[in-house]
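Right, one structure below, let's go through it.
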Amino acid sequence: MNQPKENGASIEIVLGRVLRLGTLISAAVIALGGAAFLVSHGGETPHYDLFHGEPADLDSVRGIVTDAVRFDPRGVIQLGMLLLVATPIARVIGALVAFAARRDVAYVVISSLVLSALLYGLLAS
Amino acid sequence: MDASGLSVLEFSLLLALGSLLAGLLGSLSGLGGGVVIVPLLTLVFGVDIRYAIGASLLAVIATSSGAAAAYVREGYTNIRLGMFLEIATTAGALSGAVVAARLDANLIAIIFGLVLLFSAYFSLKSSRERTAKKTPDRLAARLKLDGTFPGPNGIESYSVRGVPAGFGLMYLAGVLSGLLGIGSGAVKVLAMDRAMQVPFKVSTTTSNFMIGVTAAASAGVYLHRGYLDPGLSMPIVLGVLVGATLGTKLLARGRVGVLRIVFALLVTALGLQMIVSGWRGTL
């Protein structure tokens, strides 16, 4: 930030903001869903000692959004987790845009490679 | 201890408390809270290791994003270097997550234990700053990886070396992250600080910057496999996030030498226990 007109300063502030905002929003959504979850399921007995996989609706982006819209507590928490995973992805998109604005072709390519690995993991794997 | 007999509410509160402590100690020691989440869940709470790894991945993303937001503004983080090396860590993370599904849970526990022992050892080795000016490395110069950081006497510049070796180590860091649900901060710092001769403070902040992206790559795979349980992950993510934020505030003042040793001993003990449990097949 000590280099006034160097664009290097602004990209750092933008990425810092994306990360902070993403973390805060996802934590708030998780806390909201968590409170509703504990109210409705707090008295039950947990079964995390045996792996049985999650129900199909909590395993995909579409299913999670559908559940969250119905305000199913587990769906809301899972939506918060999705936002959490999306935060670093948004950071990569932010960097991609910043490199594109500076016509830094090499780093546009590099950012796109990273972004496609992330999207593959989230959507296609 | 066994989770049986506890209600979801009691279990969640205990998890949140344990995760808060893990996040606090992790941020104070510089090891990251992620390395102790899986041992805590499996050894203490009796959680299946696949659920534990999924929850830990999410906690790692939360702490990395939270801390990176602060670090990136201070000017230490080398964004180009981070972005370039993320090609290796995300590729590694995807392969690690795919391999994790095929490995026996007990074998994963043994690998986890070995990584814990390495992390503990690594956290106690003192870092040294280098100021020697060297001739620029051609590959690093071409990728514009060289950078500057705010040193004690104003802005200092440094040049990056050993790009292929660093890139290879970053792939390994990604594999371990996807396989074990950790941030692999120790391996990332090793790659930059030692192999690429990046100043230590730049290495640690850039490593933290990369951890969230690395973990996000494998989190998608864990989600589709049904390894991310919302009820389990919720208290862990929130607990670790609060603990790590507290730790960063405390870190601004005060020395943490003793704490670092205590945490390293704890990590060593957990590492040995993971190896023993994995070996006996009791996990």
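The values are calculated or read from the model by the stated rules, or taken from the named source; none is laboratory data. The structure presented is a predicted model; accordingly, all values stated were derived computationally and were not measured. Ideal geometry is used to build each Cβ from the backbone, glycine not excepted, and the neighbour counts take in all protein chains shown.
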Exercise. If you scan the stretch B:1-47, which residues turn out to be more than 13 Å from chain A (Cβ to nearest Cβ), over 25 Å from B:Asn106 (Cβ atoms) and either modelled with pLDDT of 90 or more or in contact with a Pro (Cβ under 8 Å, 6 or more places away or on another chain) (or both)?
Worked result: B:Leu17, B:Leu20, B:Leu21
Problem set entry | Test result for B:Ile61, surrounded by 22 or more Cβ atoms within 10 Å (Cβ to Cβ) and over 17 Å from the mean Cα position of the chain (by Cα) | no
Exercise. Here are some conditions: (1) in contact with a strand residue (DSSP E or B) (Cβ under 7 Å, 6 or more places away or on another chain); (2) modelled with pLDDT of 90 or more; (3) within 14 Å of chain A (Cβ to nearest Cβ). B:Phe149 meets all but one. Which one does it not meet?
Worked result: (2)
Problem set entry | Residue selected from the stretch A:74-125 under the condition β-branched (Val, Ile, Thr) and more than 7 Å from chain B (Cβ to nearest Cβ), by the criterion surrounded by the fewest Cβ atoms within 10 Å (Cβ to Cβ) | A:Val105
Problem set entry | Count of residues meeting criterion [small (Gly, Ala, Ser) and more than 29 Å from B:Gly281 (Cβ to Cβ)] in the stretch B:13-52 | 5
For this session: Would you check if B:Ala55 is in a helix (DSSP H, G or I) and free of Cβ contacts under 8 Å to residues at least 60 places away in the same chain?
Result: no
Exercise. Just to be sure, is B:Gly92 of a type outside the set (Ser, Thr, Tyr), surrounded by 22 or more Cβ atoms within 10 Å (Cβ to Cβ), at pLDDT 95 or above and within 23 Å of the chain's Cα centre (by Cα)?
Worked result: yes
For this session: Of the numbered conditions (1) over 18 Å from the mean Cα position of the chain (by Cα); (2) facing chain B (nearest Cβ under 7 Å); (3) within 19 Å of B:Ala55 (Cα to Cα); (4) small (Gly, Ala, Ser), A:Gly43 fails exactly one; give the number of that condition.
Result: (3)
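Residue-wise test of (1) exposed (fewer than 13 other Cβ atoms within 10 Å of the Cβ); (2) at pLDDT 85 or above; (3) at negative phi; (4) not in a loop (DSSP other than H, G, I, E, B).
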residue	(1), (2), (3), (4)
A:Ala28	yes, yes, yes, yes
A:Gly34	no, yes, yes, yes
A:Glu44	yes, yes, yes, no
A:Tyr48	no, no, yes, no
A:His52	yes, no, yes, no
Exercise. Which one of the conditions (1) crowded, with 21+ Cβ neighbours inside 10 Å; (2) touching an Asp or Glu at 6+ places or on another chain (Cβ under 9 Å); (3) modelled with pLDDT under 90 does B:Ala69 fail to meet, given that it meets all the rest?
Worked result: (2)
Problem set entry | Residue among B:Thr282, B:Thr248 that is among the polar types (S, T, N, Q), within 14 Å of another protein chain (Cβ to nearest Cβ), outside any helix (DSSP H, G or I) and surrounded by fewer than 23 Cβ atoms within 10 Å (Cβ to Cβ) | B:Thr282
Problem set entry | Residue under evaluation B:Val175, criteria (1) modelled with pLDDT under 95; (2) within 30 Å of B:Arg280 (Cα to Cα), criterion not met | (1)
Problem set entry | Which numbered condition B:Thr268 misses (of (1) more than 14 Å from chain A (Cβ to nearest Cβ); (2) among the β-branched types (Val, Ile, Thr); (3) surrounded by 24 or more Cβ atoms within 10 Å (Cβ to Cβ); (4) over 27 Å from B:Glu156 (Cα atoms)) | (3)
Exercise. Does the stretch B:214-234 include one or more residues that are more than 8 Å from chain A (Cβ to nearest Cβ) and either among the hydroxyl-bearing types (Ser, Thr, Tyr) or farther than 27 Å from B:Phe45 by Cβ (or both)?
Worked result: yes
Problem set entry | Unmet criterion (only one of (1) assigned to a helix (DSSP H, G or I); (2) more than 21 Å from B:Thr77 (Cα to Cα); (3) touching a helix residue (DSSP H, G or I) at 6+ places or on another chain (Cβ under 7 Å); (4) at pLDDT below 90) for A:Arg62 | (3)
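Enumerate the helices (runs of 4 or more DSSP H) found wholly within the stretch B:128-222, keeping only those where 3 or more residues are within 22 Å of the chain's Cα centre (by Cα). Even if it seems obvious, please write down each step before you answer.
Numbers: elements: B:138-142, B:163-180, B:185-189.
The helices (runs of 4 or more DSSP H) meeting that bar are B:163-180, B:185-189.
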Problem set entry | Residues located in the stretch A:55-73, provided they are among the hydroxyl-bearing types (Ser, Thr, Tyr) and either more than 8 Å from every other protein chain (Cβ to nearest Cβ) or within 8 Å of the chain's Cα centre (by Cα) (or both) | A:Thr66
